[in-house]
Every structure is written in structure tokens, then in C-alpha cells.
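The values are calculated or read from the model by the stated rules, or taken from the named source; none is laboratory data. What you see is a predicted model, and the numbers here were worked out from it, not measured in a lab. So basically every Cβ, Gly included, is an ideal-geometry build from the backbone, and we count neighbours across all protein chains shown.
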Amino acid sequence: MARFTFRLDPVLAHRRRLEDEQQVVFAAAMQRVYDAEWLRNDYLTRRDAMRSRIQHEHATMDVDELRAAYAHCEYLDRALATQDRIVAEARRIADGERATLLAKTRDKKVLETLREHRREAFDLEAASIEQRELDEINARRFDRATATRESTS
């Protein structure tokens with residue numbers, strides 16, 4: 001019996017490799033987004049803690065300590081603004097990598113679907129050939145049995 005071979009298997013394998021490579025690139029881009037968001041959240045937490053300290057301990061702080069606390073809050077505000085831009089840029093890059101990954105996945109899926117359809121057609125043709133062979137064998141047996149009955153009668 002014939003074996004199924006898909007002539008585009010090398011192309012399909014190449015597209016699978018491209019998709020796998022793009023998944024790694026996309027994962028790295030998402031890691032950069034997560035890292036940037038984590039740093040942004042750290043700045044936010046530190047700023048909120050400093051504001052809370054100023055609010056609750058304002059009366060007990062001396063002037064230099066208050067100035068330093070307010071200056072640190074301003075620094076954290078600037079750092080947050082900068083980090084927001086970094087997070088937005090990292091998300092933009094990750095979205096681009098996601099779009100590239102989707103395109104590569106779609107290209108691979110097209111070939112996989114084509115392979116499945118050709119496999120199904122091959123299986124149907126193989127089943128049809130097998131059925132014809134079985135019908136031919138049965139017809140020969142019937143002819144032999146009929147010929148044997150006629151010769152014995």
C-alpha cells in the first residue's frame with residue numbers, strides 16, 4: 001500500500017520553526033512589559049507610602065526632612081511618568097510581536113489545513129482502491145465457485 005507524502009512538508013517544518021522563533025521573541029517582549037509594569041508599580045507603591053508618611057507624620061517631621069520627603073515624592077512622580085512611557089512603548093512593541101506571531105501562526109495553519117485535506121483525500125483514495133481490490137477478489141471467487149458448481153453438475 002502506498003504511503004502518504006506531503007510535498008510541502010519542508011515548507012511546513014520551516015513555518016513551524018518560524019512560529020516557534022516568533023513565540024520566543026513575543027515571550028521576551030511580554031517579559032519586558034511585565035518587568036516595566038512591575039517597576040512602575042514599585043514606584044507607585046513607594047510614592048504612596050511616602051505621601052502617607054508625609055500626611056500622617058507631617059507634624060513630627062523637621063523642615064529638612066519635609067523638604068527631602070517632598071523632593072523624593074517629586075522624584076517618584078517624574079519616575080512614574082517616565083516609567084509610564086516605557087510601559088506604553090513596551091506594550092506597543094509586544095503588540096507588534098503578537099501581530100507577527102499571529103501572521104506566522106496563520107501561515108502555518110494554512111499549510112496544516114492543506115496537509116489534512118490532502119491526507120483525507122489520500123485516505124479516501126486508498127480506501128477506494130482497497131475496496132475495488134476486494135470486490136475484484138470476491139468476483140473471482142464467485143466466478144470460480146460458479147464454474148466449479150457448473151463443472152460438477
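Restricting attention to the stretch 87-101, does a residue exist that is more than 30 Å from Q22 (Cα to Cα) and either not in a helix (DSSP H, G or I) or not acidic (D, E) (or both)? No, the conditions are met nowhere in the stretch 87-101.
Among the candidates R7, R92, R51, the residue that is free of Cβ contacts under 8 Å to residues at least 24 places away in the same chain and under 30 Å from A127 (Cα atoms) is uniquely R7.
Going through (1) in contact with a helix residue (DSSP H, G or I) (Cβ under 8 Å, 6 or more places away or on another chain); (2) more than 30 Å from A29 (Cβ to Cβ); (3) of a type in the set (A, V, I, L, M) one by one, A139 falls short only on (1). Here is a check on your reading of the model: is E116 farther than 30 Å from Q22 by Cβ and of a type outside the set (K, R)? Answer is no for this residue.
Residues checked against (1) charged (D, E, K, R); (2) under 30 Å from S128 (Cβ atoms):
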{"site": "L12", "(1), (2)": "no, yes"}
{"site": "V24", "(1), (2)": "no, no"}
{"site": "D42", "(1), (2)": "yes, no"}
{"site": "I54", "(1), (2)": "no, no"}
{"site": "T60", "(1), (2)": "no, no"}
{"site": "V63", "(1), (2)": "no, no"}
{"site": "A79", "(1), (2)": "no, no"}
{"site": "R91", "(1), (2)": "yes, no"}
{"site": "R98", "(1), (2)": "yes, no"}
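Q22 passes every criterion in (1) free of Cβ contacts under 8 Å to residues at least 40 places away in the same chain; (2) under 15 Å from K109 (Cβ atoms); (3) not aliphatic (A, V, I, L, M) apart from (1). You will find that of A59, A69, A49, A27, the residue that is over 30 Å from L102 (Cα atoms) and either of a type in the set (S, T, Y) or under 45 Å from the mean Cα position of the chain (by Cα) (or both) is A49 and no other. Residues in the stretch 69-88 that are free of Cβ contacts under 8 Å to residues at least 12 places away in the same chain and hydroxyl-bearing (S, T, Y): 2 in all. Out of everything in the stretch 7-40 that is at pLDDT below 95 and among the charged types (D, E, K, R), what residue ends up being nearest to E89 (Cα to Cα)? Looking at residues that are at pLDDT below 95 and among the charged types (D, E, K, R), I get D9.
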